[in-house]
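Trainee: Take a look at this one; I'll ask things after.
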Amino acid sequence: LRRCRGRSSSAALGLCLLACAPSSVEAAGRHPWPAAPSSDAPALRGSDGGGRLTFPAVASDGRLSETEATLPEEISAPGWEQWVFCADDHMQCECRGMIRWGAPGHWRKVHPVIDVPTVCSVAELGDPDPSVAYGKHCECAVQRGSRTWYKLSPAVLPEEDSSKPIVSCAKARAAAAHPRAEKADEALWTALCAFCGGEGRDALPRAGSLALAPSAMEDIMQVWLDPRFRKNYEDAYDGRGWVERAWVNYVGNCAEGGKYDRMMTQLLRSVHAFSKEPIVVVHFGMVPPSSWDPKVFPQLVLLHARPLPQTDKWRSFNFNKYRSMLLAKVRVGIELDADEFLAPGADAMFARTAAEVTEDYPFPILPVHFLPDIGPNKSNGIWWPRYCHDDGSCPKQTMRWGHAHPTWTFHALPWLGKWLRRYLRDEVLPPREGFAHSELRVAAVPEDEDLLNLALWEDGATKQWCKFETPDPRDFDFFLAGSDDGIVDIVPDPRFYPHGAPLVFYSAHHAIEPEASKRYLDKLEERQRIGNLPAPITYKGSYYRNGEELRKAHSDVRCLI
């Protein structure tokens, strides 16, 4: 430190210390820096050549600018090691340093197996303190200034080391108040204001005992742009920080080269092969895979957000779907799960979504589920008494159960914000007259799909897509054969679809085998190249190019396409 004091910048100080490390630190028996050219040796991300680290940020009017972030002036821990969030309970942590598992004040340190992700769970790592029921997670010790340090999601870095978020409560509030604010800005602020201490929060229903703290509510409404994807962001987003149309995906840790990484690679490949629109991936993990390369995938915009707090209650990771839909700032969006891939023609859903989700119908639209019997006698959900009578009739259920692959426009953002707020504040829906035991604690709803469905019924929504994502990739075997043999309609139900529903080959769901997905995509690309793919909509043994052709032949079809 004495030899390096007086350097002109903290980055220069850090580099000087590295140069001194072999003689002054390692020789003294203290924690050494890894010697170059170790894969974890320090490397400045986004350096301008003068030692500065530049990160993207967005001004209140949406324009992308550069802000400067520098290494801290003082070293606060031996070896510059920092504990950063890695993975929640039952998730995988890929860490090359020491892992600690537990909760603040209740940690157990673990030496990870190199190149094998650690499953963070009591079953795998033991219980550091049985008295702590919720909030256990893994943290990873990362050396400040190392290559790993500069690969970390900005969302898990200490605030003083991170870049500025491109979406936050302050930015959303300022954008909505800007003289040139558009309806999308106003809709986003309406969605976020209850999370942000905005006007009217005092008038909200009473929060329950499982509610997130107000500071945590505000904290989770931030998203960061991965600095490597600045150009892709600028290509996709306009001057006000919005993208007109985009696919949106949410994902946690994807171990490098692991199954989820390979699944995501096929999903990204399919978007680039069959869509003209960008895909916005909101990453909730520690380090994204290096295979997500902005040059390989120029339509990919990678964002980062903090994990959903698990204090006092386990919350499904899938509720991050709502956060992704809010924070991606997409005017017309379609959600894609990691276990999907696109097929030719899928972009048609953007125009249809824009036509159906409007100021007069401000709700997301789900595709009909392939299972016909999700109901009070089958799923045992705690919400059914609110919509159904004891005899099994469900007069308050306005649609068949939908699959949680929503499409939306900015008009639906306030609705999404309202229901995520009700869930995270542990609000209670009051009893409904004529329905016994119909009071409903929203935080007790276990999954994102459950809440999407009951929330749409609660607000009287009636629109539903035909099944535009096949239940299984193997359905494409029959589609590519151009035969109706083996292709079956979506199974009927007695109330909503007594004759079944059309199946549309715009995407495949349950694509959990990356090698199989690759084979299907190879075939789809080749068939698209030679121009002999069948029409994508199938119903009653016939193929249709679009919804208009379908309705001319079958005017009684209730779902939209």
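The values are calculated or read from the model by the stated rules, or taken from the named source; none is laboratory data. All values reported here derive from a predicted model rather than from experimental measurement. Virtual Cβ from ideal backbone geometry, glycine too; neighbours counted across all protein chains shown. Only protein heavy atoms, including side chains, enter the accessible area calculation; ligands, DNA and RNA are left aside. Shrake-Rupley method; radii C 1.70, N 1.55, O 1.52, S 1.80 Å.
Trainee: Of all trypsin sites (Lys or Arg not before Pro) in the range 270-364, which ones are in loop regions per DSSP and have a Cβ with at most 15 other Cβ atoms within 10 Å? Kindly include the intermediate steps, with their values, before the conclusion.
Mentor: Working: sites: 276, 295, 313, 315, 321, 323, 329, 331, 352; in loops: 276, 295, 313, 315, 329.
Sites meeting the loop and neighbour criteria: 276, 295.
Trainee: With N residues in the range 402-561, what two-decimal value do you get for its Cα radius of gyration over 2.2 N^0.38 Å? Intermediate values should be presented prior to the final figure.
Mentor: Values: Rg = 19.3 Å, N = 160, 2.2 N^0.38 = 15.1 Å.
The value comes to 1.27.
Trainee: Can you classify the range 130-209 as rounded, prolate or oblate using the Cα gyration tensor, where a ≥ b ≥ c are the square roots of its eigenvalues, rounded means a/c under 1.5, and otherwise it's prolate if a/b beats b/c and oblate if not? Numbers along the way, then the final one.
Mentor: Working: a/c = 3.93, a/b = 1.39, b/c = 2.83.
Oblate shape, in that a/c is at least 1.5 and b/c is the bigger or equal ratio.
Trainee: If you roll a 1.4 Å probe over the heavy atoms of the protein chains, what accessible area per residue do you get for the chain, in Å²?
Mentor: Details: 24130 Å² over 561 residues.
Ligands and nucleic acids excluded, the result is 43 Å² per residue.
Trainee: Tell me, what ³J(HN,Hα) does each residue in the range 388-405 have, in order and in whole Hz, if you take phi through Karplus 6.51 cos²θ - 1.76 cosθ + 1.60 with θ = phi - 60° and put x for Gly and Pro?
Mentor: Calculated HN-Hα couplings, in order: 10, 8, 5, 7, x, 6, 10, x, 8, 8, 8, 8, 4, 3, x, 7, 7, 10 Hz.
Trainee: Sorted by accessible area (1.4 Å probe), largest first, how do 458, 256 line up? Let's see the in-between values first.
Mentor: Details: 458 45, 256 90 Å².
Largest to smallest exposure gives the sequence 256, 458.
Trainee: Per-residue HN-Hα couplings for the range 147-156, Karplus 6.51 cos²θ - 1.76 cosθ + 1.60 at θ = phi - 60°, whole Hz, x for Gly and Pro?
Mentor: Result, rounded to whole Hz: 4, 4, 4, 8, 8, 5, 4, x, 6, 9.
Trainee: Sort 217, 98 by heavy-atom solvent-accessible area, probe 1.4 angstrom, most to least.
Mentor: Numbers: 217 5, 98 55 Å².
These residues rank, largest area first, as 98, 217.
Trainee: Turning to a different aspect of this structure: Would you work out the relative contact order for the range 135-248, in percent, from Cα pairs under 8 angstrom that are 6 or more residues apart? Numbers along the way, then the final one.
Mentor: Numbers: 65 pairs, mean separation 31.5, N = 114.
Relative CO of the range 135-248 lands at 28 percent.
Trainee: Further, regarding this structure: What do you get for trypsin sites (Lys or Arg not before Pro) in the range 122-193 restricted to DSSP loop and a cutoff of at most 10 other Cβ within 10 Å of the site's Cβ?
Mentor: Numbers: sites: 136, 144, 147, 151, 171, 173, 180, 183; in loops: 136, 144, 147, 180.
Listed in order of number, the matching sites are 180.
Trainee: Something else now. Within straight cross-link reach of residue 109, meaning Cα distance under 18 Å, which aspartates and glutamates are found once same-chain residues fewer than 8 apart are removed?
Mentor: Leaving aside aspartates and glutamates fewer than 8 places away in the same chain, those within reach of residue 109 are 81, 88, 89, 94, 124, 127, 129, 139.
Trainee: Please list, in chain and number order, the residues 5+ apart from residue 248 or on another chain whose amide H is under 5 Å from its amide H, with Hs placed from the backbone.
Mentor: Placed amide hydrogens put 280, 334, 335, 336 under 5 Å from residue 248.
Trainee: Another question, if that's okay. Among the lysines, which fall within straight-line cross-link reach of residue 463, defined as a Cα-Cα distance under 29 Å, with same-chain neighbours fewer than 8 residues apart omitted?
Mentor: 183, 276, 321, 329, 378, 396, 418, 540, 552
Trainee: For the chain, which whole-number percentage of the solvent-accessible area (1.4 Å probe, protein heavy atoms only) is attributable to carbon and sulfur atoms?
Mentor: Working: 12350 of 24130 Å².
About 51 percent, which is the carbon plus sulfur part of the accessible surface.
Trainee: Report residue 231's accessible area, 1.4 Å probe, all protein chains in place, as a number in Å² to the nearest 10.
Mentor: Rounded to the nearest 10, that gives 130 Å².
Trainee: Now for a different question. What shape does the range 79-141 take by its C-alpha gyration tensor, where a ≥ b ≥ c are the square roots of the eigenvalues and a/c under 1.5 counts as rounded, a/b above b/c as prolate, and the rest as oblate? Don't jump to the answer; show the numbers that get you there.
Mentor: On the way: a/c = 1.93, a/b = 1.31, b/c = 1.47.
Taking the square roots of the gyration eigenvalues as a ≥ b ≥ c, the range 79-141 is oblate.
Trainee: Relative to the longest principal axis of the chain, what angle (0 to 90°, nearest 10) does the C-alpha long axis of helix 10-20 take?
Mentor: 60
Trainee: Which angle from 0 to 90°, rounded to the nearest 10, does the C-alpha axis of helix 413-424 make with the longest principal axis of the chain?
Mentor: Value to nearest ten degrees: 70.
Trainee: Return the ratio Rg/(2.2 N^0.38 Å) for the chain, where Rg is computed over Cα atoms only. Mind dumping the intermediate values first?
Mentor: Values: Rg = 25.1 Å, N = 561, 2.2 N^0.38 = 24.4 Å.
Relative to the 2.2 N^0.38 Å estimate, the chain comes out at 1.03.
Trainee: Taking only C-alpha pairs under 8 Å that are 6+ residues apart, what is the relative contact order of the chain in percent?
Mentor: On the way: 1049 pairs, mean separation 67.9, N = 561.
Once divided by the residue count of the chain, the mean separation gives 12 percent.
Trainee: Right, something else. Taking loop as defined by DSSP and a crowding limit of 12 other beta carbons within 10 Å, which GluC sites (Glu not before Pro) in the range 335-437 fit?
Mentor: Numbers: sites: 335, 340, 356, 359, 427, 433; in loops: 340, 359, 427, 433.
Counting only loop positions with at most 12 other Cβ atoms within 10 Å, the GluC sites (Glu not before Pro) in the range 335-437 are 359, 433.
Trainee: Something else about it: Helix-only mean residue ellipticity at 222 nm, the chain, DSSP H runs n ≥ 4 weighted -39,500 (n - 2.57), per residue, nearest 500. What is it?
Mentor: Working: 15 runs with 138 residues, N = 561.
For the chain, the value works out to -7000 deg cm²/dmol.
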